[in-house]
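Working notes, beginning with the structure itself.
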Amino acid sequence: PISGASRKGPEGILREIQINLLECKVCFEMFNPQQRERRPQNLSCGHVLCLECITALSHPLLRKLECPFCRQLCSVDSTSHCQVLTDLQELLLSRVPPPPPPHRSRGGFMLATGPTCTPLHLHAAFGGWGTLINPTGIAVLGSSGSIVVVHDGEKRVVVFNLQGRMLQSFGRKGKANGEICYPIDVAVTPSGYVVVTDAGDRAVKVFTSRGNHVLTVKDSFQLPWGVDTDSCGQILVSDVQAGTLSQVKVDYNHGVILERQAPISDLECPKAVACCQLTGNTAVMEHGARERHQYRRLRVFSKDFHLLYQTDSFSLALQSPMKLNMSGVTFDRDGDVIVIDSNQGMICSLGKLQNGPVLTPLIADHLIRPVGLVLLNNTLITLDSGDHTVKIYSATSDTGSLM
């Protein structure tokens, strides 16, 4: 079912259909039967991509591709035109008005830092299809500010400098020692170790900053998803299927697990995880469903994993006319909670939450589908899966070129 459809009028339902069914979920471009490269094509597994993405993802000689959603190997020659979606699109074309543009604040992006707000603008963007393929997680490597991204490329982990130059890549695709099957999220410890959740191998994998495999944590996870580390280097991992938040203490020098526990076990489909380096609090984003309606719930726990406060999409809707569909979370350096709305391409601050959330739009232009967010000094760095790029926002208004 389409989320919230029963609460919408006919026009709202039609817009939901247009957004959820009539666009390619790889490039996020609308299907268009009039343009050959945008025609919807059925894969043998049943998923639908545009012809251009099928061409880009397939091997030029073997003419095969791995479905980006179910990982099934499909033949390009067995694809077929999805006539059902074409007919549906033609039926709705004359009835659905174009969706309203996302709410944007003037001057680009406003980041609250204490009593003042600093306007941030898009300063640079790099990556793009080929350099990054369906990126899913981002982290910052130490004081150098190197940016670590996990994606669906042949080498799953890519490290860039702040100018967008690729420094190195590692973690070949696979399940062997030191390989990564299907990365979901990435974090970096205070001492510089790179931690990756591998949903395909149901494991958490640790590497040095140069890509040497240190440790694989396996057997205790059903479907690991979000990951972060605390100020002591302990790993925090959410498990979507088990509904848990695990804490893993590791001896990185010797590559051994010292302690492993699941201090929280009553979560509903937990995904994004963030640890506040200032307070030690941990935020978890739940993707729940009740009576066929999906919702998002943000829960913040203390350093000892006691629930401090929580809010959800319904409660936020009662406080603000702006509908926020939370998908990601992080903390700023003052301990304020910042959330991502991937569907609308929005970033908002909820404040510190002690006295309830104070919803403040922190809206950046040029965002399509942000899936990750990190802060470095006075810059905000987003990972945008909509155009497969890393975007850096700063107080300066000059815009760097796409690399």
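The values are calculated or read from the model by the stated rules, or taken from the named source; none is laboratory data. Bear in mind that the values here come from a model prediction, so they are computed numbers and not experimental data. Here the Cβ positions follow ideal geometry from the backbone for every residue, glycine too, while neighbour counts run over all protein chains shown.
Is the range 373-383 home to any residue that is farther than 27 Å from Gly153 by Cα and surrounded by fewer than 23 Cβ atoms within 10 Å (Cβ to Cβ)?
Yes, the conditions are met somewhere in the range 373-383.
Selection over the range 341-394 of residues that are over 16 Å from the mean Cα position of the chain (by Cα), assigned to a loop (DSSP other than H, G, I, E, B), closer than 21 Å to Arg299 by Cβ and polar (S, T, N, Q) gives a count of 2. For the range 313-340, the tally of residues that are free of Cβ contacts under 8 Å to residues at least 24 places away in the same chain and under 17 Å from the mean Cα position of the chain (by Cα) stands at 0.
May I ask you to say which residue of Gln310, Gln294 is touching a residue at least 60 places away in the same chain (Cβ under 8 Å) and outside any loop (DSSP other than H, G, I, E, B)?
Values: Gln310 fails: touching a residue at least 60 places away in the same chain (Cβ under 8 Å).
None of the others qualify; the one that does is Gln294.
Among Cys50, Cys27, Cys70, which is the only one that is modelled with pLDDT of 70 or more, surrounded by fewer than 14 Cβ atoms within 10 Å (Cβ to Cβ) and either among the aromatic types (Phe, Trp, Tyr) or under 29 Å from Leu324 (Cα atoms) (or both)? Show your work before the answer.
On the way: Cys50 fails: surrounded by fewer than 14 Cβ atoms within 10 Å (Cβ to Cβ); Cys27 fails: surrounded by fewer than 14 Cβ atoms within 10 Å (Cβ to Cβ).
Just one listed residue meets the conditions, Cys70.
Quick check on this structure: which one of Phe221, Phe207 is over 24 Å from Ser169 (Cα atoms) and of a type in the set (Phe, Trp, Tyr)?
Numbers: Phe207 fails: over 24 Å from Ser169 (Cα atoms).
It is Phe221.
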